[in-house]
Amino acid sequence: MDKELIGVIQGSIKVVSVQNHDLVKVGYVLGLRVASNHRRKGIGSSLVRRLEEWFRSNEVDYAYMATEKANHASVSLFMDKFGYTKFRTPAILVNPVNHHCFRISSSIEITRLKVEEAESLYRRFMGCSDFFPDDIDRILRNKLSLGTWVAYYKGDSSWGDFGNGEVPSNWAMLSVWNSGEIFKLRLGKATLSCLLYTKSWSLIDRVFPCLKLPTLPDFLNPFGFYFMYGVCHEGPFSGRLVRGLCEFVHNMAAKCEDRENIKIVVTEIGGRDELKHHIPHWKLLSSLDDLWCIKALKNEGANRFSEFTKTPPSTPLFVDPREV
Ligand SMILES: CC(C)(COP(=O)(O)OP(=O)(O)OC[C@H]1O[C@@H](n2cnc3c(N)ncnc32)[C@H](O)[C@@H]1OP(=O)(O)O)[C@@H](O)C(=O)NCCC(=O)NCCS
């Protein structure tokens with residue numbers, strides 16, 4: 001309006017698998033924002049309506065979006081006004097990056113996979129996860145994707161040749177996305193107690209570095225983060241391997257060229273996923289209140305839609321790093 005940007009919305013379309021490998025076309029709504037002095041004038045609704053029209057013209061079966069449960073404006077706009085229905089409540093797990101590196105257990109071997117190897121393992125082991133993207137190869141080849149690593153126990157007698165698609169009895173895998181390359185975050189306001197906490201712990205750490213205290217980074221200046229995606233594991237003792245991989249990613253962030261900027265490592269997993277017990281995170285920084293809502297855009301999708309929203313998830317959730 002008069003050369004002032006007053007509202008923005010983004011959307012992406014892709015093919016994903018749902019409910020054990022059926023492929024559907026989905027449209028993701030993200031980045032909806034209206035300038036605060038222009039809210040409640042119908043601009044947000046117009047943007048959503050136009051994006052849905054674009055989805056429909058591209059034969060999209062379902063539109064979906066994510067928000068925080070406590071964001072009443074957004075929940076009300078999507079659920080009450082546009083008829084979206086809640087279908088997942090994933091957890092966002094956040095771990096601060098410290099300059100003290102983790103010592104990874106010497107019994108764990110960590111190896112980087114080639115893109116083709118990673119793609120083949122993902123299709124085989126995560127292909128049935130909800131929202132697994134059919135273009136996983138494009139994600140893995142994207143310049144923001146820093147690589148895929150697998151972990152297994154040294155000397156595992158059931159050793160697998162990952163390159164040929166063989167896996168040991170216990171193994172874990174994840175990929176890393178450098179979100180800091182495209183946008184930075186910054187804490188707008190910090191409470192006095194948060195400031196005091198940050199300052200006092202970093203002071204103690206400077207005086208007693210031998211204690212290797214986990215300090216809270218400075219979030220008041222812009223910072224980037226690594227996003228771990230495609231976390232998967234198999235085997236009764238694979239939880240430790242997941243932890244080992246997460247520690248490896250933390251160390252990678254602590255040692256990277258951009259280490260002043262990468263201040264947190266983040267991942268998002270299904271709310272009921274027991275993976276969260278193996279992924280190091282600070283409760284203080286994490287959120288268990290993410291809310292994903294969905295809407296069928298075609299009549300034929302309506303039956304499947306009620307299954308989506310009424311049955312509890314039976315497969316893990318794949319969170320696409322492009323939508324973070
Ligand atoms: C959410 C947001 C985009 C809404 O934009 P908007 O232009 O004010 O929305 P509209 O005027 O089209 O409102 C449409 C409906 O949304 C709901 N709504 C919007 N603001 C609301 C609020 N503050 N409280 C409760 N409901 C609200 C109402 O149902 C409203 O319908 P009504 O006006 O008939 O009651 C805007 O508040 C915003 O930019 N918030 C910050 C960023 C954000 O949270 N984005 C959403 C991320 S998914």
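Numbers for the structure displayed
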item	result
Condition check for residue 103: farther than 23 Å from residue 29 by Cβ, surrounded by fewer than 16 Cβ atoms within 10 Å (Cβ to Cβ) and among the charged types (D, E, K, R)	yes
The range 149-169, residues that are over 15 Å from residue 121 (Cβ atoms) and of a type in the set (S, T, N, Q)	157, 158, 169
Those residues of the range 156-178 which are free of Cβ contacts under 8 Å to residues at least 24 places away in the same chain and not aromatic (Phe, Trp, Tyr), in sequence order	156, 157, 158, 160, 161, 164, 166
Total residues in the range 60-80, condition touching a Gly at 6+ places or on another chain (Cβ under 9 Å) and near the ligand (Cβ under 7 Å from one of its atoms)	3
Long-range neighbours under 8 Å by Cβ, at least six apart or interchain, first residue assigned by TED's automatic domain parsing to the domain that holds residue 72 within the range 40-54, second away from the ligand (no atom under 12 Å from the Cβ) and among the hydrophobic types (A, V, I, L, M, F, W, C)	51/63; 52/63; 52/297
Filtered residue count, the range 81-99, keeping only those that are among the charged types (D, E, K, R) and within 12 Å of the ligand (Cβ to nearest atom)	1
Flag if residue 271 is touching a residue at least 60 places away in the same chain (Cβ under 8 Å), touching a strand residue (DSSP E or B) at 6+ places or on another chain (Cβ under 8 Å), among the small types (Gly, Ala, Ser) and closer than 22 Å to residue 124 by Cβ	no
Selection within the range 116-148 - over 24 Å from residue 250 (Cβ atoms) and among the hydroxyl-bearing types (Ser, Thr, Tyr)	120, 129
Test: residue in the range 250-258 that is buried (at least 16 other Cβ atoms within 10 Å of the Cβ), within 25 Å of residue 126 (Cα to Cα) and touching a Cys at 6+ places or on another chain (Cβ under 6 Å)	no
Extreme residue, farthest from the chain's Cα centre (by Cα), among residues of the range 110-124 that are surrounded by fewer than 17 Cβ atoms within 10 Å (Cβ to Cβ) and within 21 Å of residue 270 (Cβ to Cβ)	124
Only listed residue being away from the ligand (no atom under 16 Å from the Cβ), in a helix (DSSP H, G or I), among the aromatic types (Phe, Trp, Tyr) and not assigned by TED's automatic domain parsing to the domain that holds residue 34, chosen from 102, 125	125
Checking residue 314 against (1) at pLDDT below 75; (2) part of a helix (DSSP H, G or I), the condition it does not meet	(2)
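Conditions tested, residue by residue: (1) farther than 28 Å from residue 136 by Cα; (2) at pLDDT below 80; (3) in a loop (DSSP other than H, G, I, E, B).
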residue: 156; (1), (2), (3): yes, no, yes
residue: 160; (1), (2), (3): no, yes, yes
residue: 163; (1), (2), (3): no, yes, no
residue: 166; (1), (2), (3): no, no, yes
residue: 172; (1), (2), (3): no, no, no
residue: 189; (1), (2), (3): yes, yes, yes
residue: 193; (1), (2), (3): yes, yes, no
residue: 196; (1), (2), (3): yes, yes, no
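Listed here are the residues, each with its yes/no results for (1) more than 16 Å from the ligand (Cβ to nearest atom); (2) surrounded by 14 or more Cβ atoms within 10 Å (Cβ to Cβ).
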position	(1), (2)
24	yes, yes
36	no, no
47	no, yes
50	no, no
57	yes, no
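The values are calculated or read from the model by the stated rules, or taken from the named source; none is laboratory data. Predicted model, so just to flag it, every value in this text is computed and none were measured. Neighbour counts run over all protein chains shown; Cβ positions are idealised from the backbone, glycine included.
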